[in-house]
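The values are calculated or read from the model by the stated rules, or taken from the named source; none is laboratory data. Bear in mind that the values here come from a model prediction, so they are computed numbers and not experimental data. Here the Cβ positions follow ideal geometry from the backbone for every residue, glycine too, while neighbour counts run over all protein chains shown. Heads up: the accessible areas ignore ligands, DNA and RNA and are worked out on the full protein's heavy atoms, side chains in. Shrake-Rupley method; radii C 1.70, N 1.55, O 1.52, S 1.80 Å.
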Amino acid sequence: MSDIAVRVEGLGKQFVLRGKQEKYRTLRDTITHAAGAPVRLVRGLFSRNGSRPEPENTFWALKDISFEVKRGEVVGIIGRNGAGKSTLLKILSRITEPTEGYAEIYGRVGSLLEVGTGFHPELSGRENIFLNGAILGMRRREIERQFDEIVAFAEVEKFIDMPVKHYSSGMYLRLAFAVAAHLEPEILIVDEVLAVGDAAFQKKCMGKMQDVAGQGRTVLFVSHNMAAIQTLCSRGLLLESGHLLQDVPSHEAVQTYLRRGVTEEVAPSFDKREGDGSIRFMDVEIVSSEGETLTQLLSGQDIVIRMEYKADRDRCPSHVNASLWVNSLVGERFFVCCVDVVRDSFRNIPPEGILTCHVPRLPLPPGSYTLSVWCQANGRVADKVENALQFEVIPGNFYATGRLPNRKNSSVLIDYSWEITGRESSLPRRQ
């Protein structure tokens, strides 16, 4: 048996835009237009470039997409809004037909493309579980075997015999995901619906998807949560404007996605800030131990973070605390450096100056990061700027071995050593 679960070749999907108002036609216009159709067809076939002209008011949501997914692979599909991710999943789920190319699916597919897909609002939760299972091609005995687990996972035991039209959106989502994940499809297709649930439910769903992947089933996962993509998926497909831009390991696809500026929320900015304004950060920069401004940092390099500030002269605080923290572009916190509130708070600071933090041997592997800063004055938040600075770390000789560290092996770098001690023969053995 082939180890291919999904094969996509030259896939394209074209939509007709209906926004333009068509001119009113008389009966004579209609007959004339129909009579001229063969001539227009021949002219199109024998145009100078040999290609048929594109009809007006059309849009290619996908164009020339080709890839293969092996059985048991967990593949993340990422891209900005409008890149074609949902259209691709709808074609793979057999909801819509491609305009060109083809997609071959080898196995039973379970799709969760939007909340409650395939649910009937007038039926109860119990009836919808059996209905959805039948749509997925499950026998009644298989559904009955999984029924209790589905209900327990969805946490809707008290409402299982109530029509789902009375469910909240959270209950609807929990039951829909539980059905899709528990009815043992060979290929599970999940769109960005997990963002609807609360944090506890999202964590539960991620755990279930890891279980599904661990059972050797194939998962195609669309999400804007880059941390989830890197955690769950071994491989990433990056779509842009309907084209397949990259088919690489997931962490590489995420880095390309972020570098291409699709996450505006992490762009460096001093416009979004919090605090009472008694102190304001004016600028943040990273310099070397020699004072040279750095745009790229080396793993293991000694760095200095300089935060220029200006205090309100009428409210110049007597006690000041500060902190900074470093995140990845997907929001993972790596480390925090803070002034100890009791012991190290700055007293009677100058109205203008620079707060300096020394970081010896930068413990970050190669990647993209953001730096955020915070300041407290007289017990109240004076200023807080998230993503004040974005910076790149490139490979450095952190361990002095010539081997370059990378994010695949570790999220942070630390000094460590190993040793082995033999058991002394004179020591009594434990009975």
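Apply 1/(1 + (r/R0)^6) to the Cβ-Cβ distance of residue 120 and residue 380, taking R0 = 51 Å, and write down the FRET efficiency to the nearest 0.05.
Details: r = 55 Å, r/R0 = 1.08.
It comes out at approximately 0.40.
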### Calculated from backbone phi, Karplus (6.51, -1.76, 1.60) coupling profile of segment 214-222 in Hz, x at Gly/Pro
x, 7, x, 8, 8, 10, 10, 10, 9
### Summary
Both in Å, the radius of gyration and Dmax of the C-alpha trace of segment 204-265 are 12.4, 37
### Query
residue 99 versus residue 68, label points 7 Å from Cα toward the beta carbon: distance in nm?
2.8 nm
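Which FRET efficiency value, to the nearest 0.05, do you get for residue 347 and residue 394 by plugging their Cβ-Cβ distance into 1/(1 + (r/R0)^6) with R0 = 41 Å?
Working: r = 39 Å, r/R0 = 0.95.
So the FRET efficiency works out to roughly 0.55.
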### Query
Once amide H atoms are placed 1.01 Å from N in the peptide plane, what residues at a sequence separation of 5 or more from residue 301, or on another chain, have their amide H within under 5 Å of its amide H?
362
### Task
Distance from a point 7 Å along Cα→Cβ of residue 59 to each backbone N in segment 80-95: keep the residues under 19 Å and list them by number.
80-91
### Query
For segment 299-310, what does the Karplus curve 6.51 cos²θ - 1.76 cosθ + 1.60, with θ = phi - 60°, yield as ³J(HN,Hα) per residue in whole Hz, taken in order and with x for Gly and Pro?
4, x, 7, 6, 10, 10, 9, 10, 10, 6, 10, 9
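Looking at this model, which pairs from 310/384; 165/204; 70/90; 13/90 are more than 21 angstrom apart at the alpha-carbon? Spell out each step's value before the answer.
Values: 310/384 14 Å; 165/204 24 Å; 70/90 19 Å; 13/90 11 Å.
In this structure, 165/204 lie more than 21 Å apart at Cα.
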### Task
Could you go through segment 141-149 in sequence order and give the Karplus-derived ³J(HN,Hα) for each residue, using 6.51 cos²θ - 1.76 cosθ + 1.60 with θ = phi - 60°, rounded to whole Hz, and x for Gly and Pro?
5, 5, 5, 4, 5, 9, 4, 4, 5
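If you roll a 1.4 angstrom probe over the protein chains with everything in place, what fraction of the accessible area of segment 84-175 belongs to carbon and sulfur, to the nearest %? Mind showing how you got there, number by number?
Details: 2410 of 4850 Å².
The computed percentage sits at 50.
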